[in-house]
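One structure is given here, and the rest of the page talks about it.
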């Protein structure tokens, strides 16, 4: 399925990967949001569950393995061109995940990968929905007293 100017929304996944109260982010190598920091993730493939897609995408883009802890939110990313046509439409399933092993190394659609402390995230210029999803995920960690 074509991602640019699609016939219908593309299901995407994103992961708020945490370790020692830090969040793993990737700098996008390709549009949309090229050169911007965002959650690791990507499009779900046919025959793949959402959780399988999360684990695969995080591994491809960051080189780390994760344990999915739960759903954070479902959002939509819709970008229109100057004529008002839908250039991109992703329905994004964002989950909370805990790093289990691996050393971060950019791969796949990621130009860079790095850990960020929660207090450094607001200055990165993330999309507003991404900042909100990260905040929600960190609240879930605090509420459950998770060691993540």
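Overview of values
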read-out: Residue within the range 86-96 that is farther than 22 Å from residue 43 by Cβ and surrounded by fewer than 18 Cβ atoms within 10 Å (Cβ to Cβ) present; value: no
read-out: Residue selected from the range 8-26 under the condition surrounded by fewer than 18 Cβ atoms within 10 Å (Cβ to Cβ) and under 18 Å from residue 65 (Cα atoms), by the criterion modelled with the lowest pLDDT; value: 21
read-out: Of the criteria (1) part of a strand (DSSP E or B); (2) surrounded by fewer than 18 Cβ atoms within 10 Å (Cβ to Cβ), which one residue 142 fails; value: (1)
read-out: Flag for residue 129 being more than 14 Å from residue 16 (Cβ to Cβ), surrounded by 13 or more Cβ atoms within 10 Å (Cβ to Cβ), in contact with a strand residue (DSSP E or B) (Cβ under 6 Å, 6 or more places away or on another chain) and touching a residue at least 40 places away in the same chain (Cβ under 8 Å); value: no
read-out: Sole exception among (1) touching a helix residue (DSSP H, G or I) at 6+ places or on another chain (Cβ under 8 Å); (2) closer than 13 Å to residue 38 by Cβ; (3) not in a loop (DSSP other than H, G, I, E, B) for residue 130, by number; value: (1)
read-out: Count of residues meeting criterion [more than 20 Å from residue 32 (Cβ to Cβ) and surrounded by 11 or more Cβ atoms within 10 Å (Cβ to Cβ)] in the range 65-85; value: 7
read-out: Count of the range 13-36 residues which are in a strand (DSSP E or B) and under 22 Å from residue 100 (Cα atoms); value: 13
read-out: Residues of the range 41-70 that turn out to be within 13 Å of residue 14 (Cβ to Cβ) and in contact with a helix residue (DSSP H, G or I) (Cβ under 9 Å, 6 or more places away or on another chain), as a count; value: 6
read-out: Strands (runs of 3 or more DSSP E) lying entirely in the range 40-117 (those with 1 or more residues that are over 26 Å from residue 2 (Cβ atoms) and free of Cβ contacts under 8 Å to residues at least 40 places away in the same chain); value: 65-80, 86-101
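The values are calculated or read from the model by the stated rules, or taken from the named source; none is laboratory data. Computed from a predicted model, the values in this text were never measured in an experiment. Glycine gets a Cβ as well: all are built from the backbone with ideal geometry, and neighbour counts include every protein chain shown.
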